[in-house]
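The values are calculated or read from the model by the stated rules, or taken from the named source; none is laboratory data. Keep in mind that what you see is a predicted model, and the values were worked out from it rather than measured. Glycine gets a Cβ as well: all are built from the backbone with ideal geometry, and neighbour counts include every protein chain shown. When the accessible area is computed, the model is the full protein with side chains, heavy atoms only, and any ligands, DNA or RNA have been set aside. Shrake-Rupley method; radii C 1.70, N 1.55, O 1.52, S 1.80 Å.
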Amino acid sequence: MPLSHHEAGEITGYHAHIYYDAESREAARAVRLGVEGRFRCVLGRWHDQPVGPHPKAMYQVAFEVDEFAKIVPWLMLNRRGLDILIHPNTEDTIKDHDANPIWLGTKLALDIDTLRRFSVEQAKKIAAG
Ligand code: ZN
C-alpha cells in the first residue's frame with residue numbers, strides 16, 4: 001500500500017445515478033423534478049433498461065465540484081427510498097465506480113467488467129488516432 005494520497009483536486013466533477021424500477025419510476029420522476037432547476041446540473045435521459053455498468057434502470061445527474069455540498073444533502077433528504085450512486089470523476093473511471101463512490105440507500109453490484117472492456121477499447125481508439 002503506497003503512502004501517497006490522492007488529492008480531492010483530482011476530482012473534476014460528480015455523477016449521481018438515480019436507480020428505479022417500474023414501481024419506483026414515479027418516485028424517480030419526483031426526485032428529478034426536484035433536482036431540475038434547483039441545482040446547477042445536467043440531467044441525463046431516462047434509461048429504462050440497464051446500460052453500461054448499471055444493473056438497473058436509472059438516469060444520471062452530472063454536477064460540478066462546487067455543487068456537491070448542495071445537491072448531495074438534498075438527495076439524502078429527498079431520495080424517496082431510491083438507491084443512488086454518487087461517484088467522482090477522475091482519470092480512473094474504474095476506481096470512480098468501484099472503490100471510491102458513495103451510496104445512498106442500498107449499494108448495488110455494478111458490472112465493473114463492462115467498464116474495464118470500455119476502457120480498453122477507448123485506449124485502443126486513442127492509440128489508433
Ligand atoms: Zn456516472
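Quick notes on this one:
- Some residue of the range 11-22 being out of contact with any strand residue (DSSP E or B) (no Cβ under 7 Å at 6 or more places or on another chain), surrounded by fewer than 17 Cβ atoms within 10 Å (Cβ to Cβ) and either in contact (Cβ under 8 Å) with a residue 40 or more places away in the chain or charged (D, E, K, R) (or both): no
- Note on the range 98-121: residues that are open to solvent by 70 Å² or more (accessible area, probe 1.4 Å) and either touching a Pro at 6+ places or on another chain (Cβ under 7 Å) or assigned to a helix (DSSP H, G or I) (or both) amount to 8.
- Candidates in the range 79-91 are the residues that are in contact with a His (Cβ under 9 Å, 6 or more places away or on another chain) and open to solvent by 30 Å² or more (accessible area, probe 1.4 Å); of these, the one that is nearest to Glu23 (Cα to Cα) is Asn89.
- Every residue from the range 45-97 that is in a helix (DSSP H, G or I), among the polar types (S, T, N, Q) and within 21 Å of Gln122 (Cα to Cα): Thr93
- Note on the range 36-53: residues that are under 25 Å from Ala109 (Cα atoms), open to solvent by less than 90 Å² (accessible area, probe 1.4 Å) and of a type outside the set (Phe, Trp, Tyr) amount to 8.
- Residue in the range 103-116 that is of a type in the set (Ser, Thr, Tyr) and at pLDDT 95 or above present: yes
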